[in-house]
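**Student:** First the structure, which I've put down as structure tokens, then a few questions once you've had a look.
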Amino acid sequence: MPWFWSDQYDLKLQTAGITSSAYDQTVLRGETSANKFSVFYLSASKLVALDAVNSPLEFNVAKRLIASAPRSLDAGQLANPQFEIKSLLSA
């Protein structure tokens, strides 16, 4: 599974998966105005890629989820910053 990162001044950009893959939904988690957010790319509710800005936890979880057997994810949970994203690894 391809992944990429780059530090640009005060921003850490990280990508997992291939964002040019076919996807039918994007989910934003975090606040773009705070420069701390992630964009999840889903295809039939399965995670195919992620772009993260200053969100290393989301990047690490997504990288593991993409590499594992695909399963359906709840877009509402992904978008909710109060939802503990690490719990997806044990589900």
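Since every read-out is calculated from the coordinates, none of them should be taken as a lab result. None of the values given here were measured: they were computed from a predicted structure. Cβ placement follows ideal geometry from the backbone for every residue including glycine, while neighbour counts extend to all protein chains displayed.
**Student:** Testing Met1 on (1) surrounded by fewer than 17 Cβ atoms within 10 Å (Cβ to Cβ); (2) without any contact (Cβ under 8 Å) to a residue 60 or more places away in the chain; (3) hydrophobic (A, V, I, L, M, F, W, C); (4) in contact with a Gly (Cβ under 8 Å, 6 or more places away or on another chain), one condition comes back false. Which one is that?
**Tutor:** (2)
**Student:** Tell me, which strands (runs of 3 or more DSSP E) lie completely within the chain with 3 or more residues that are among the aliphatic types (A, V, I, L, M)?
**Tutor:** Details: elements: 3-8, 11-17, 25-31, 36-43, 46-53.
In the chain, 11-17, 46-53 are the strands (runs of 3 or more DSSP E) which contain 3 or more residues that are among the aliphatic types (A, V, I, L, M).
**Student:** Could you grab me the full set of residues in the range 15-41 that are under 19 Å from Met1 (Cα atoms), surrounded by fewer than 19 Cβ atoms within 10 Å (Cβ to Cβ) and in contact (Cβ under 8 Å) with a residue 24 or more places away in the chain?
**Tutor:** Ile18, Thr19, Ser21, Ala22, Tyr23, listed by residue number.
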